[in-house]
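Before any comments, here is the structure.
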Amino acid sequence: MRFSKLYSIFILLAAICLAGCSSSPIELTISNDMDFDRNEEMVEVEMGTLADLPRQFVVLDAENNQVPYQVTYDGKLIFLASVPANGSVVYKVKAGKPQDFQTIACGQVYPERVDDVAWENDKAAFRAYGPALQKNNERAFGYDVFTKRGTKDPVVAARYALELNNELRKQIGELRRSGQRLLADSLSNAISYHIDHGNGMDDYSVGATLGGGTSALLDEGNIVYPWAYKTCDILDNGPLRFTMKLDYNPFAIQDDNNIVESRIISFDAGSYMNKAQIAFNNLSSAKEVVAGLVIHPNNPEGYAFDKEAGYIAYADLTDHPDRDQGSIFVGAAFPNPLKDAKVQLFTDEEKDDHKGALGHVLGVSDYQPKATFTYYFGSGWSKADMPSMDAWTKYLKDFVVKANHPLTVNLN
């Protein structure tokens with residue numbers, strides 16, 4: 001009787017193993033219909049199309065090497081793929097234990113720094129301002145840009161930890177009070193994220209502007225500036241994609257007094273560009289919507305835009321161009337046709353209200369009620385691997401082409 005019971009258990013376990021361990025690999029043929037190579041681009045596959053996928057699985061390239069992957073909050077399998085021009089490659093999904101994947105794209109909320117939400121990948125980092133800052137009535141509306149170089153590892157949390165270290169800040173204060181100014185300055189510089197310690201810094205000014213690519217509605221041609229976000233919900237947090245949903249406080253335009261903006265922002269490993277999906281709820285009629293880049297006095301003509309190619313760009317010389325900190329290239333890309341692309345400058349009176357900023361370069365589209373406005377924003381840095389404005393605008397132009405001709409995936 002005991003032998004019979006053990007034998008039954010053995011048969012059951014064998015059946016489970018057979019079902020989960022020996023199923024045939026799922027082959028994914030990824031095709032590129034463009035006449036240039038597509039290297040390390042994110043591929044998305046709906047998990048619902050991958051029938052009978054085991055709980056533990058691996059993704060393999062053509063050489064049977066494991067490929068890092070992620071299953072996103074909205075049920076997609078994503079991984080980076082390389083496909084030659086006018087060609088195709090086959091990746092496989094099969095049962096197996098995945099290796100530990102390096103986290104590249106990630107982010108978090110920092111309540112200790114007036115509710116900043118900051119996020120990054122291997123190319124750049126960004127932040128958006130939160131409710132604690134709005135409560136302080138500080139006017140900082142747009143996305144901030146943190147430069148990054150030399151590493152795929154996350155660095156932003158460590159920057160915040162130093163910048164906000166209370167004990168070190170206390171020591172700096174004590175040194176200043178005791179007259180040891182040089183020591184105080186040295187320690188202050190050592191912990192500041194406004195100084196590049198080898199992997200980048202925060203040296204980009206936002207203020208009461210759209211900063212590095214923020215969206216906003218227009219009211220009779222005037223930008224209706226978004227304030228800080230009201231709530232932040234992090235949906236994906238690596239290793240390859242960071243996604244969050246930001247909801248904003250109600251605002252008014254003409255007869256609509258309860259407009260609520262929602263943004264879903266995702267940032268993938270290997271890309272300079274965030275994907276932004278914007279919705280304005282409770283809007284009763286069509287309005288113009290923009291994404292904008294602030295123009296600063298230290299480079300008043302450092303912008304470029306191309307309505308037909310679908311991009312806007314600006315070369316920001318940083319807050320301290322005298323420190324040889326390079327150029328921060330910011331931009332926005334629009335896969336859907338733009339209504340207009342232009343520069344909109346502030347009046348002399350408005351400049352004071354915007355801390356000396358000169359205006360914006362804008363990409364303009366029409367927004368229909370209950371629709372989703374999708375565009376991309378991002379940045380590169382000349383001290384990292386984006387050498388020039390020409391290289392940046394080429395990247396943006398090519399990005400639009402690729403966004404309109406994504407890699408295709410077929411299950412074999």
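The values are calculated or read from the model by the stated rules, or taken from the named source; none is laboratory data. Note that the structure is a prediction, hence the values are computed from the model and not measured. In this analysis, Cβ positions are derived from the backbone assuming ideal geometry, glycine residues included, and neighbour counts consider all displayed protein chains.
Tabulated results
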read-out	value
Total residues in the stretch 334-387, condition under 30 Å from GLY198 (Cβ atoms), in contact (Cβ under 8 Å) with a residue 60 or more places away in the chain and either of a type in the set (S, T, N, Q) or touching a strand residue (DSSP E or B) at 6+ places or on another chain (Cβ under 8 Å) (or both)	8
Residues (within 21 Å of VAL59 (Cα to Cα) and surrounded by fewer than 18 Cβ atoms within 10 Å (Cβ to Cβ)) located in the stretch 27-36	GLU27, THR29, SER31
Residue within the stretch 242-254 that is more than 30 Å from PHE280 (Cβ to Cβ) and among the small types (Gly, Ala, Ser) present	no
Qualifying residue in the stretch 91-102 (condition: part of a strand (DSSP E or B), crowded, with 20+ Cβ neighbours inside 10 Å and either modelled with pLDDT of 95 or more or in the same structural domain as ASP385 (by TED's automatic domain parsing) (or both))	yes
Sole residue being of a type in the set (Gly, Ala, Ser), touching a strand residue (DSSP E or B) at 6+ places or on another chain (Cβ under 7 Å) and closer than 19 Å to LEU411 by Cα, chosen from ALA128, ALA62	ALA62
Which listed residue, of ASP319, ASP340, is modelled with pLDDT under 95 and in the same structural domain as PHE377 (by TED's automatic domain parsing)	ASP319
The one condition in (1) outside the structural domain of GLU288 (by TED's automatic domain parsing); (2) under 12 Å from TYR314 (Cα atoms) that ASN410 fails to fulfil	(2)
ARG263 vs. criteria of a type outside the set (Asp, Glu) and more than 23 Å from the chain's Cα centre (by Cα)	no
Elements of type strands (runs of 3 or more DSSP E) in the stretch 23-64, at least 1 residues being at pLDDT 95 or above and more than 18 Å from LEU240 (Cα to Cα)	26-31
Within the stretch 313-325, considering residues that are free of Cβ contacts under 8 Å to residues at least 60 places away in the same chain and within 17 Å of GLY378 (Cα to Cα), the one surrounded by the fewest Cβ atoms within 10 Å (Cβ to Cβ)	LEU317
Among the candidates VAL401, VAL364, residue that is surrounded by fewer than 21 Cβ atoms within 10 Å (Cβ to Cβ) and touching a Lys or Arg at 6+ places or on another chain (Cβ under 6 Å)	VAL364
Which listed residue, of LYS123, LYS135, is in contact with a Gly (Cβ under 8 Å, 6 or more places away or on another chain), of a type in the set (Lys, Arg) and in the same structural domain as SER266 (by TED's automatic domain parsing)	LYS123
